[in-house]
Amino acid sequence: MRNVLIGLVAFLTLVDLFATQAILPALARAYGVGPAAMGLAVNASTLGMAAGALAVAFFSRRIERRLGIAASLGLLSVPTALLAAAPDLATFAGLRIVQGLCMASAFALTLSYLAEHCSARVAAGAFAAYIAGNVASNLFGRLAAAALVDHAGIAANFLVFSVLNLSGALLVWFWLGRASPAPMPGTARSPLALWAEHLRNPALRASFAIGFLILFAFIGTFTYVNFVLVRAPLALGMMQIGFVYFVFLPSIVVTPLAGWAAARLGTRPAFWGALAAAVAGLPLLVVPSVPAVLAGLVLVGAGTFFAQATATGFVGRAATGDRGSASGLYLACYFAGGMVGTALLGQLFDRVGWPACVAGIGAALALAALLALRLATPAPGRAVSGTAETLTSST
């Protein structure tokens, strides 16, 4: 039950992040812009998420977890609702940035909460459950967005998602309200000193860069493939594109196994296996066949989510100081990778074409695999937090 609730919180936190990608062609038509411009506006949320993650990393010790998460999700409903009436692309992009700020604060504070309340025995499973909820938000969020736009229009879509944001705030408030208060670190060291400590850790530096590259590759794939799907020879309709995102179903099944795989095989072998699956899917994305593209998306989705779950859990174990600030730095790098990937791969897509975009994605994954050589596995039995508490009592 604990992991189900963790996954549901993740779902309601991140459902807005990628759902809008499923309606990119409709948004591009509505605003009269091309794929790269619309992709950049939609994924401007990752810029907000990078900034929000840094803010949480800086102020982590001063933010009470339950209140911070619930307030972030409640505030998220405001820009989400305003997107229903965004008059131009600049306003749309600005509201997406504000959405990102709210989502990132909720995301980072939840990861901090898990690190502080989980013992080493349950930490990997808790983090994997959170990432699995992220996967589910990718599938059902995109499917819901495609269906809503197809049947009720763009404005109705954003209003419904605003209600989901409020539901997440209520869930966090009442569920975490029954948990023991999260212990706040008592160190007098400045946030900048803590950041410097994290950045002196070679394994953490590598994990930050890996997070950047994972979302760089993921967002490049699942942003611009939408435009490939609606063009000849594939020529899918909006609702059909929504159904395409059932490719995330295998990810929902395999991602929770990331904690088990990292504990059983080691962080690096588990991570390399995940990247190998993602790379194997890339050639299929350029085949002019719907079944081939779907198979490629299954592999890329499962591989990148598994890799993300592995890397996220590793950061919590490898940090020697304040884990809240370490998680915030990791997420800032992760979401910065999404924004950079959108911009660079969008230019490749517009100027050279989809095969060049896929080649850029492959280069990012190859570099992430190389950096994984620096992910030294922590000593067995090392606690994730000094509290050695579990979340069992909170459910």
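The values are calculated or read from the model by the stated rules, or taken from the named source; none is laboratory data. All figures in this text were calculated on a predicted structure; none of them were measured in a lab. Using ideal geometry, Cβ is built from the backbone for each residue, glycine included, and neighbour counts are taken over all protein chains shown.
When only residues in region 215-271 that are farther than 25 Å from Gly337 by Cα and of a type in the set (Phe, Trp, Tyr) count, which is surrounded by the most Cβ atoms within 10 Å (Cβ to Cβ)?
Looking at residues that are farther than 25 Å from Gly337 by Cα and of a type in the set (Phe, Trp, Tyr), I get Phe243.
Quick one: is Ser327 farther than 20 Å from Ala369 by Cβ and of a type outside the set (Lys, Arg)?
For Ser327, the condition - farther than 20 Å from Ala369 by Cβ and of a type outside the set (Lys, Arg) - is met.
Return the residues of region 238-281 that are free of Cβ contacts under 8 Å to residues at least 60 places away in the same chain and not aliphatic (A, V, I, L, M); say none if nothing qualifies.
Within region 238-281, Gln240, Pro250, Arg264, Pro269, Gly273, Gly281 qualify.
Somewhere in region 64-82, is a residue within 16 Å of Met339 (Cα to Cα) and under 19 Å from the mean Cα position of the chain (by Cα)?
Checked against the condition, which is being within 16 Å of Met339 (Cα to Cα) and under 19 Å from the mean Cα position of the chain (by Cα), region 64-82 yields no hits at all.
Results for (1) among the basic types (Lys, Arg); (2) closer than 29 Å to Asn3 by Cβ; (3) assigned to a helix (DSSP H, G or I), shown as yes or no for each residue.
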position	(1), (2), (3)
His198	no, yes, yes
Leu204	no, yes, yes
Phe208	no, yes, yes
Gly211	no, yes, yes
Ala217	no, yes, yes
Leu234	no, no, no
Ile241	no, no, yes
Pro250	no, yes, yes
Thr255	no, yes, yes
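Could you run through region 48-103 and say how many residues are polar (S, T, N, Q) and either surrounded by fewer than 23 Cβ atoms within 10 Å (Cβ to Cβ) or not in a helix (DSSP H, G or I) (or both)?
Just the residues of region 48-103 that are polar (S, T, N, Q), to begin with: 60, 72, 77, 80, 91, 99.
In the following step, the residues that additionally are either surrounded by fewer than 23 Cβ atoms within 10 Å (Cβ to Cβ) or not in a helix (DSSP H, G or I) (or both) were identified as 77, 91.
Total satisfying the criteria: 2.
Taking the condition out of contact with any Gly (no Cβ under 8 Å at 6 or more places or on another chain), of a type in the set (Ser, Thr, Tyr) and either surrounded by fewer than 21 Cβ atoms within 10 Å (Cβ to Cβ) or in a helix (DSSP H, G or I) (or both), does Thr20 pass?
yes
Output the residue which, of all residues in region 47-77 that are hydroxyl-bearing (Ser, Thr, Tyr) and modelled with pLDDT of 90 or more, is nearest to Ala196 (Cα to Cα).
Filtering first and then ranking leaves Ser72.
Which residue pairs have Cβ atoms closer than 6 Å, lie 6 or more positions apart in sequence or on different chains, and pair a first residue in region 20-43 that is on the phi < 0 side of the Ramachandran plot with a second residue that is surrounded by fewer than 24 Cβ atoms within 10 Å (Cβ to Cβ) and among the charged types (D, E, K, R)?
Filtered contacts from region 20-43: Ala36/Asp350.
I'd like to check something: does region 254-263 contain any residue that is of a type in the set (S, T, N, Q) and at pLDDT 85 or above?
So far as region 254-263 goes, no, none of its residues is of a type in the set (S, T, N, Q) and at pLDDT 85 or above.
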